[in-house]
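**Q** Got a structure for you, written out below as structure tokens; questions coming shortly.
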Amino acid sequence: MRSRAAIIAISVVACVFGGLAISGPEDHRGTYYAVNVVLSIAASVLASLDLRRRGYGWGWAMLAAYLLPILYIVFSSQRSYADSARSEAATAG
């Protein structure tokens, strides 16, 4: 019961920081987003561990389900649509 309460509390605080990252002060949005991501990963790890303690062998999937979108965000920010269009035009021509 205690771990579930911790997961819920961490998730609520992560949501608050997510809201601040979207509509908070412009100069602190990056910091709020970073705190949101760290807290969300912590909640995912705790949820995964909790599920595994309860006997669910697929508890690791909770963590994977959260990390895959983060990997997409990280890798998609590395290259813009304009960059990929330019590289495709250079290889085609």
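Quick note: the coordinates plus some simple rules give every number you see, no bench work behind them. Bear in mind the structure is a predicted one, so any value in this text is a computation, not a measurement. Neighbour counts run over all protein chains shown; Cβ positions are idealised from the backbone, glycine included.
**Q** Please turn the phi angles of the stretch 16-31 into ³J(HN,Hα) values with the Karplus equation 6.51 cos²θ - 1.76 cosθ + 1.60 (θ = phi - 60°), one per residue in order, whole Hz, x for glycine and proline.
**A** Along the stretch 16-31, the couplings run 4, 5, x, x, 5, 5, 7, 10, x, x, 4, 6, 10, 4, x, 5 Hz.
**Q** Still on this structure: Which semi-axis lengths, in whole Å and largest first, follow from the square roots of five times the eigenvalues of the Cα gyration tensor of the stretch 2-79?
**A** Calculated on Cα positions only, the semi-axes equal 26, 17, 6 Å.
**Q** Nearest 0.05, what FRET efficiency do residue 54 and residue 12 give at R0 = 22 Å with Cβ-Cβ as r?
**A** For residue 54 and residue 12, the calculated efficiency is 0.50.
**Q** What does the charge count around residue 7 come to, taking other residues whose C-beta lies under 15 Å from its C-beta (Lys +1, Arg +1, Asp -1, Glu -1)?
**A** Here the charged neighbours net out to +4.
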